[in-house]
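Working notes for the structure below.
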Amino acid sequence: MPQVNVTVIGVAPSAEQKAVLFKSITDLMVDILGRQRELVVVSVTSVAPSDWSVAGVAQDGDGLAGVQAVVKVLTGTGSDEQKAMMIEQTTDVLSRVLGNPAMPFYVTFEEIPSTSWGYNGRSVADIAKARQVG
């Protein structure tokens, strides 16, 4: 179940903006990384700028302070080129939908071993193993 967690620092996106982010980022996960659409999870969370700091100083202001997206996939998902494309196109989507924040956009990958990612009480490794036996 690949995930993309988007954190918006500052002004919260509208329901319409969230809908565009959900669809656009899911499309990228399918088109670039070859993930199954029905398994892609995208979240958008908004936080106050004062909950973030740069150089140890809390951010302030009323606008869009920053945006970060964390792409969580199983270890070995995608080539370096695919990841670079995902980072570039995710940044483009975030910029187009939300505007340009005061801080740089951050898009990072977290690669999680199949033994460390579970759902419905079982690890992905155990689920794959059961499929091979059955």
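Around Ser43, which amide H atoms from residues at least 5 apart in sequence, or from another chain, sit under 5 Å from its own amide H, with H modelled in the peptide plane?
For Ser43, the qualifying residues are Val4, Asn5, Val6.
Please list, in chain and number order, the residues 5+ apart from Ser114 or on another chain whose amide H is under 5 Å from its amide H, with Hs placed from the backbone.
The list, which skips near neighbours in sequence, is Thr75.
If a helix is a whole DSSP H run, which ones in the chain reach 18 Å or further along their own axis (Cα) and hold a mean Kyte-Doolittle hydropathy of at least -0.5?
Correct list, ordered by number: 15-33, 80-98.
Would you work out the relative contact order for region 12-107, in percent, from Cα pairs under 8 angstrom that are 6 or more residues apart?
In percent, rounded to a whole number, it is 35.
Return the Rg/Rh value of the chain, two decimal places, where both radii are evaluated on C-alpha atoms and Rh is the Kirkwood radius.
Over the Cα atoms of the chain, Rg/Rh equals 1.03.
Long-range amide H contacts for Met103: which residues qualify at under 5 Å (H placed 1.01 Å from N, peptide plane, sequence gap of 5 or more or a different chain)?
Gly66
Just tell me which lysines come within less than 23 Å, Cα to Cα, of Lys23; anything on the same chain fewer than 8 places away is out.
Lys72, Lys83
Stretch Gln36-Ala19 to full length: gain in nm at 0.36 nm per residue minus the Cα-Cα span?
Here the answer is 4.2 nm.
Taking 0.36 nm per residue of separation and subtracting the Cα-Cα distance, what length does fully extending Ala102 through Ser43 add?
19.1 nm
Positive end of the charge dipole of the chain (Lys, Arg +1 and Asp, Glu -1 on Cβ, about the Cα centre): tell me which of Ala84, Val47, Phe22 has its Cα farthest that way.
Going by the Cα projections, it comes out as Phe22.
Residues with beta-carbon under 15 Å from that of Ser43, excluding Ser43: net charge, scoring Lys, Arg +1 and Asp, Glu -1?
Net charge around Ser43: +2.
What share of the DSSP beta bridges in the chain is antiparallel, in percent to the nearest 5?
Around 45 percent antiparallel, to the nearest 5.
For the chain, what does the helix formula give at 222 nm: sum of -39500 (n - 2.57) over DSSP H segments with n ≥ 4, over the residue count, nearest 500 deg cm²/dmol?
When only DSSP H runs of four or more count, the value is -12000 deg cm²/dmol.
Any read-out appearing in this document is the output of simple, stated calculations on the displayed coordinates, not a laboratory observation. None of the values given here were measured: they were computed from a predicted structure. Cβ atoms come from the backbone with ideal geometry, glycine included; neighbour counts cover every protein chain shown.
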